[in-house]
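The values are calculated or read from the model by the stated rules, or taken from the named source; none is laboratory data. The structure presented is a predicted model; accordingly, all values stated were derived computationally and were not measured. FYI the Cβ positions are ideal-geometry reconstructions off the backbone, even for glycines, and counts take in every protein chain you see.
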Protein chains: 2
Amino acid sequence: MRTLNPAREQAILDAVQDLLTEVGYDRMSIDEVARRARASKATIYRRWTGKAAMVAALLHQLALDYPPLPDTGTLRGDLVAGLTTFCGVVRRKHALVAGLTTAIRTDPDLGRLLGDRIVDPGFAEARRLVERARARGEPVGDVDPATLLEVCEALVWHRLLLTGEPLDEDFVARTVDHIVLPLLRR
Amino acid sequence: MRTLNPAREQAILDAVQDLLTEVGYDRMSIDEVARRARASKATIYRRWTGKAAMVAALLHQLALDYPPLPDTGTLRGDLVAGLTTFCGVVRRKHALVAGLTTAIRTDPDLGRLLGDRIVDPGFAEARRLVERARARGEPVGDVDPATLLEVCEALVWHRLLLTGEPLDEDFVARTVDHIVLPLLRR
């Protein structure tokens, strides 16, 4: 696996992102990626082993887009900030992730890569946030942060893909106050 | 709006269901429904005003498919039974609902019909289940059943559409014990 010059690599990853959004993973071809990025297939294969590896690189880059969560001084403030950030990222990237949904379920490599690059860092962030609250002396039970993160992710995607209800401040506040905090504090 | 003989009506609704599953709401045409059901378009338009009305009739029929939830004698038992039933229905019908997702978000009539036929009866059932627990003297707080139902639905769809994790007994038990019961009892 060789490196490419950064502008060249970015052009290829941009083409991958556009194609995932437009046609989805299954119908994305390396030929079309090459055409759009004005790169040769040989160049692409020198850098990546195939579609899954290219998507993994893109996901890694998107994961770096998450701004680090602020320490607001209260658990509620941290949760509101975290969920607001997550809603923003999902809103901007949901066409991309929607294009990956079938592939996530059918391609074990891609599912594992998504877990490593996106899901696990999210768990780590959730755990940090809970530890910070404990260190401040806020009452926190021994709930699994992974469970809370699954609930939040599920609620966000449910709105975005199924009900179309807005991912606004009211949604964030209700989710934090009626679901996440009660589960954290029990 | 006239009635049709039941077999004829069923053949048309079956064609609607198949087409929704295969091509989705946006690409489903009345012409193709008519062809598959061996009915004339005139027959269809005598019975329904258009695509949204046909889908509403189908959804109404699917809602009647839900078996009534048993009274198991405990809140936990009722919740496990309810969530197990819901997982089963969603697993069987998810290709159909996936075919409706874009339309649900873009066609306000369809969204409203789905609410009336599927979502509202679900809320009513959830409220009954909670009232039964209260009447038995089980400790139940004043949480909104709609919130709990949204959490359960979101978790189920998240697994089905995004993560591909199984909707099995373990999922039902964990969801009931770690999320729904703690929220109900706070």
Set A:Leu113, A:Leu184, A:Leu149: member being closer than 23 Å to A:Val23 by Cα and of a type in the set (A, V, I, L, M): A:Leu113
Of the residues in segment B:174-186, how many are assigned to a helix (DSSP H, G or I) and within 7 Å of chain A (Cβ to nearest Cβ)? 4
Residue list for segment A:134-156, restricted to those being under 24 Å from the mean Cα position of the chain (by Cα) and among the small types (Gly, Ala, Ser): A:Ala146, A:Ala154
Test for A:Arg76: is it within 16 Å of the chain's Cα centre (by Cα) and assigned by TED's automatic domain parsing to the domain that holds A:Ala173: no
Check A:Ala98, A:Ala146 and return the single one that is facing another protein chain (nearest Cβ under 10 Å) and in a helix (DSSP H, G or I). A:Ala98
Which one is nearest to the other protein chains (Cβ to nearest Cβ), of the residues in segment A:123-143 that are assigned to a helix (DSSP H, G or I) and in contact with a helix residue (DSSP H, G or I) (Cβ under 6 Å, 6 or more places away or on another chain)? A:Phe123
Name the helices (runs of 4 or more DSSP H) wholly inside segment B:1-72 in which the number of residues that are more than 22 Å from B:Val97 (Cα to Cα), among the basic types (Lys, Arg) and at pLDDT 85 or above is 1 or more. B:6-23, B:30-37, B:41-47
Would you check which residues across segment A:157-173 are touching a helix residue (DSSP H, G or I) at 6+ places or on another chain (Cβ under 6 Å), more than 8 Å from chain B (Cβ to nearest Cβ) and in a helix (DSSP H, G or I) and list them? A:Leu160, A:Val172
With the condition kept exactly as written, say whether any residue in segment A:105-117 is among the basic types (Lys, Arg), facing chain B (nearest Cβ under 9 Å) and without any contact (Cβ under 8 Å) to a residue 24 or more places away in the chain. yes
Applying the selection to segment A:79-98, what residues are at pLDDT 75 or above and among the small types (Gly, Ala, Ser)? A:Ala81, A:Gly82, A:Gly88, A:Ala95
Are any of the residues in segment B:161-179 farther than 26 Å from A:Leu181 by Cα, touching a residue at least 60 places away in the same chain (Cβ under 8 Å) and buried (at least 20 other Cβ atoms within 10 Å of the Cβ)? yes
